[in-house]
Amino acid sequence: MRGRPPSAGAAERIVEAATALFLGKGYGATTMQDVARRFGGSKQTIYARFPDKKALLEAVVTAFTERKLQTPRQLAAADGPADQILRQLARAMLNAIMDRDSVMMLRLVISECQAAPDLAEMMERRWRRPGLEMVQLVMERLIAQGQLQGDAGFLARHFCESVLLPHAWDSLFEMGELTVTADRLQVLDAAVDFFLSAAAPKDAVSPRPG
């Protein structure tokens, strides 16, 4: 008689439970027993898939990143004028940044990175770096098409730091409901325009409709 196969989707349910607990209680305060209780299984089931809490955290961050970058990646793969692509990409990434769970994840890293230094490195490797690499691929394509000029890696870092980072910092200190307001979108579009004024060949900059 065959042994019973692992329950379908158990790893996904464990990751979902751990995500809710890490964001709600904190990484340090969450035990594997808490996760088992939350997803309705046993610690043995967890350890059969994740050898320790650090491995579970890495799975949480990886799954989190994949969800948040899904829409930006779709837009990043689209063809079109540089101004249109970069504005759409910036808005999609802004929505991901201003998402409540994203803000809670950033706050988690800041609050616990001293006690759990691996957490900051993991977030860099599994969250920030994939987003930066995605933007760099867009820059490489636009440079190859003659729509931008310069080094793709430098442009990607400049785009993320000048266009998106201010909003990430704002979200960390926002105590009320997180919303993408019309004023914030106007600031974002202006930052994209400023980026294009430096990165695009002079005859390739398209004025933004008023």
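Couple of notes before you dig in:
- Of the peptides 85-93, 106-114, the order by per-residue mean of other Cβ atoms within 10 Å, starting with the highest, comes out as 85-93, 106-114.
- Highest-fluctuation residue, ASP183, ASP118, ASP34 considered, GNM on the chain with Cα pairs under 10 Å: ASP183
- Convex hull volume of the C-alpha atoms in the chain, normalised per residue: 146 Å³.
- The chain: angle of helix 182-199 to the longest principal axis, Cα-based, in degrees nearest 10: 60
- Placing a label point 7 Å from the Cα of THR181 along the Cα-to-Cβ line, the residues of segment 87-104 whose backbone N sits under 19 Å from it are 91, 94-100, 103.
- Degrees separating the helix 53-76 axis from the principal Cα axis of the chain, which is the longest one: 30
- Lysine pairs meeting the criterion (Cα under 30 Å, 8 or more apart or interchain), as found in the chain: 9
- Extension reserve of the ARG13-ASP52 stretch, reckoned as 0.36 nm per residue once the Cα distance is removed: 12.4 nm
- Fluctuation leader among ALA17, ALA191, ALA78 - the chain, Gaussian network, Cα springs under 10 angstrom: ALA78
- Convex hull volume of the Cα atoms of segment 1-98, normalised per residue: 119 Å³.
- With only Cα atoms counted, segment 90-179 has Rg and Dmax values of 14.8, 47 Å.
- The chain, helix-only ellipticity at 222 nm - DSSP H runs n ≥ 4, -39,500 (n - 2.57), divided by all residues, nearest 500: -21000 deg cm²/dmol
Only the coordinates and a few stated rules stand behind these numbers; no lab work does. As the structure is a computational prediction, the values presented were derived from the model and not from experiment. Using ideal geometry, Cβ is built from the backbone for each residue, glycine included, and neighbour counts are taken over all protein chains shown.
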